[in-house]
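A short reminder: the numbers here are calculations on the coordinates, not readings from a lab. None of the values given here were measured: they were computed from a predicted structure. Positions of Cβ are generated from backbone atoms using ideal geometry, with glycine treated the same way; all protein chains shown enter the neighbour counts.
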């Protein structure tokens, strides 16, 4: 589907996540979502432990297909009930935007915005190819694509919300310090303690690098608001909400590295991420 123009294109941006949902429900970003139905719903479960790394991680992603678009939201393993996928199939997007489960709401919004505002240059996307390779090679390639969006000078400190060791590695390579933060806590690959309260750490950092998973766990809006209040650049790396977060650039979000489904870890072939916002 081609991107909306004029009033509809302007309404596809918003000053907050909640306003973006309201504009979509009001029919101001494209077709009425109540008239669009999800045809396919599925989950992707992964467990990852890259060669040469001491630890691994697991997560689960809910994906919804609307026409030719797929919207996604990651969740903690076991968070999605067994019936969630069946509830989404055949449902209209408008009703899913009011679903009781946050991952369903986010995936539905992502699918809608992927449908009306796909990742193409006309909508502000700058494609960045990822080469074929092992899971670790592709993880590192994506990490480089993400951290290039930071304008922080060497010696600066970046708050990383949603710890990905390849991102921390890429920050080290650019001479940047970081404060790792994740709701799960724990330690990084290098034994560094992982903080659990991102808002408490933000003021002492020069920039924030955050996962789109913050949309699904309810921590995005407080993070966006505080980054905006303190004038701290907020760069998002997004498998979750890849089509949602570009619509919030200028409202506390500085740049986005958007990675729609299928994600880099699903196969060894080449891929593409789409970068928005910061000039490279």
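Output needed for the range 61-175: three equivalent-ellipsoid semi-axes, defined as square roots of 5 times the C-alpha gyration tensor eigenvalues, in descending order, whole Å. Could you put the intermediate results ahead of the total?
Values: eigenvalues 202, 64, 39 Å².
After scaling each eigenvalue by five and taking roots: 32, 18, 14 Å.
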Once both label points are put 7 Å beyond Cα along the C-beta direction, the residue 183-residue 122 separation in nm becomes 3.7 nm
Whole-Å distance linking the alpha carbon centroid of the range 115-130 with that of the range 216-240 is 21 Å
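Nearest-5 percent of antiparallel DSSP beta bridges in the range 125-276?
Details: 9 of 28 bridges.
The answer is about 30 percent antiparallel.
In µm²/s, what is D for the chain at 25 °C and 0.890 mPa s, where D = kT/(6 pi eta Rh) by Stokes-Einstein and Rh is the Kirkwood radius from Cα pairs? Numbers along the way, then the final one.
Working: Rh = 18.8 Å.
My calculation gives 130 µm²/s for D.
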Where a ≥ b ≥ c are root eigenvalues of the Cα gyration tensor, a/c under 1.5 meaning rounded, otherwise prolate if a/b exceeds b/c and oblate otherwise, the range 129-197 counts as oblate
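Could you compute the FRET efficiency for residue 100 and residue 76, with r as their C-beta to C-beta distance and R0 at 22 Å, rounded to 0.05? Mind showing how you got there, number by number?
Working: r = 16 Å, r/R0 = 0.75.
So, using R0 = 22 Å, E works out to roughly 0.85.
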Note: the range 125-276, point scatterers on Cα, Debye, no solvent; log10 I/I(0) at q = 0.14, 0.15 Å⁻¹ equals -0.62, -0.72
Mean Cβ-within-10 Å packing, highest first, puts peptides 213-224, 77-88, 102-113 in the order 102-113, 213-224, 77-88
Taking a crude spin-label model, label points 7 Å out from Cα along the C-beta direction, the residue 174 to residue 19 distance in nm is 2.8 nm
The Cα extents of the range 6-116 along the principal axes, largest first and rounded to whole Å, are 51, 28, 25
Residue span residue 157 to residue 45: 0.36 nm per residue of separation minus Cα-Cα distance leaves a gain in nm of 37.1 nm
The chain: antiparallel bridges as % of DSSP beta bridges, rounded to 5, reads 60 percent
